[in-house]
Structures are given as structure tokens and as C-alpha cells.
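Coordinate-derived values only; no laboratory data. Owing to the predicted nature of the structure, the values given are computational and were not obtained by experimental measurement. When we count neighbours, we look across all protein chains shown, and the Cβ atoms used for this are built from the backbone with ideal geometry, even at glycine.
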Amino acid sequence: MKFRRQHPIGPFIVDFYCHGARLAVEVDGIQHDLGDSPARDNRRDIWLEHHGVSVLRVPASAVKDNLDGVLALIEQTARYSGPT
């Protein structure tokens, strides 16, 4: 599986994107829990999914504390999202 960093899709730039699986991975810091960010993220996810891109949101703290687990989750999600 090949992932691209900071990949543009429509009006958005996703943190990581795997074209073969049509999977966007978003690493969310604490700011994604504040203000109107949750609603904005939800609208973004709906737009991406409407255009055939699955979205996996991962807390930044999980990346820091359990990178192996996050990588396993991304791999599993990508394999079920589509061909690689």
C-alpha cells in the first residue's frame, strides 16, 4: 500500500491518502474537539465519503502512545476499503 502525505482531494487536503484503497487517514489533535471543528470535520467526512473516499480518523495521542496499533488499524482498514 502506498500513502501520500498532504494529498488534495476536491476542496480538501487530507493528512494521508491511499489511492488503491481510496482511504484518507486524518490524524486529529486536540483542536479537532474544540469549537466548530467537530461539525466541520463531519461535513468534510461526508463530502469525502460521498465522493468514494473512506475516512479513518486517528487521535494524535494514539499515534504518539501506540504507533504499532495505529499502523495495524490503518493496514486493516485499507485492506477492507478496496484493492491496493
Meets criteria (farther than 18 Å from Gln6 by Cβ and either crowded, with 16+ Cβ neighbours inside 10 Å or among the β-branched types (Val, Ile, Thr) (or both)) for Ile74:
no
Cβ contacts < 8 Å: first residue over 17 Å from Ile13 (Cβ atoms), restricted to segment 35-49; second residue assigned to a helix (DSSP H, G or I) and not polar (S, T, N, Q), any location; separation 6+ or different chain. Result?
Pro38/His32
As an exercise: evaluate Gly20 against (1) touching a strand residue (DSSP E or B) at 6+ places or on another chain (Cβ under 6 Å); (2) of a type outside the set (D, E, K, R); (3) within 18 Å of Ala72 (Cα to Cα) and give the number of the one condition it does not meet.
(1)
Regarding segment 5-25, can at least one residue be identified that is among the small types (Gly, Ala, Ser), assigned to a helix (DSSP H, G or I) and surrounded by 11 or more Cβ atoms within 10 Å (Cβ to Cβ)?
no
